[in-house]
1. Determine the gain in length on full extension of the stretch residue 252-residue 144; use 0.36 nm per residue of separation and subtract their C-alpha separation, reporting nm with one decimal.
2. Multiply the residue separation of residue 206 and residue 182 by 0.36 nm, subtract the distance between their alpha-carbon atoms, and state the gained length in nm to one decimal.
3. To make sure I understand, if each residue's beta carbon is the centre and we count other beta carbons within 10 Å, what order do 164, 221 fall in, fewest to most?
4. For 210, 201, 235, what ranking results if the residue with the fewest other Cβ atoms within 10 Å of its Cβ goes first?
C-alpha cells in the first residue's frame, strides 16, 4: 500500500526532535560567591565586589556578619611648632614694652605707699587662670598687652601698680611651647634693649623648682629695676620692680610672695 509523504517545507531539519530531558540547560541566576572554606560571607557577594549597596545574612555589603563598619580615618593636620627664637623675640618685646618706665624724681627711704608692704602688709592677689598668686602693696590693675614678631603673637596678662615714684607688677604669658631655659639670658638682653635700659647683673636661678633668671637693670631714667623671669612649662612669668628708692627691698617682698599655682612640669 502506498504511503503519502507530506512535502518538506523549506529549511526543515532532518534531525529527530530532542528528548524532553535534553533541553537547553537553564542558567541559574547569579548569586554570591562562596567564601574561602565554604559558607556565605557578604563580602564576597556581587554587590559588595562592585562597591554597590546590598544585603545578605550579614547586613550591608562589605561588612562582616554582625560586625561594625570600619571607622573612617582622617589624616590630622600637621601641628605647627612655633620656633623658640620667635617666642624669644616676642617675650623680649612684651617685657621691654611692659612698663611706662616713668621718669622718677628720686627720694630717700621707701617711696610713698610702700612702707606697709615692706613690713609684710599689702593685698594678696591671684588672677584667674594665670598660674600664680602674689602680694602687692595694694590691689593691682589687671590688663593685657599683645605683641607680634616673626609671625607669632603673644598676649601678656598683667597685674600692675604704677605710682609716682615706683612701678611693680607680675605678668603671665602662655606661649603654647616651652621656652628653653638656655634662652633666658638672651631674652633678658633683648628685653633690656627694647626698653632702653642698661643690663646689669644676670643670675641663673630657680623659683619653686622652675628655671628662672634674676636680672638687674637700670631704667631709661637712671633708676634701678629688678626682674625675675620664670619658665613654668609653656608659661613665662615675669615679676618686675622699678623704683626711685628701695628697689631691692620691694623686689624681695614681691618675689618672696610669688607662688606658682600650676603643678611642676615633669
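Nothing in this text is a laboratory measurement; each read-out follows from the coordinates by a stated rule. In this text the structure is predicted, and so the values were computed from the model without any measurement. Using ideal geometry, Cβ is built from the backbone for each residue, glycine included, and neighbour counts are taken over all protein chains shown.
1. Numbers: separation 108, 0.36 × 108 = 38.88 nm, distance 2.45 nm.
Taking residue 252 through residue 144 to full extension adds about 36.4 nm, to one decimal.
2. Details: separation 24, 0.36 × 24 = 8.64 nm, distance 1.29 nm.
Extending this stretch completely gives an extra 7.3 nm.
3. Numbers: 164 12, 221 16.
So the residues, fewest neighbours to most, are 164, 221.
4. Values: 210 18, 201 9, 235 21.
Taking fewest neighbouring Cβ atoms as first place, the list is 201, 210, 235.
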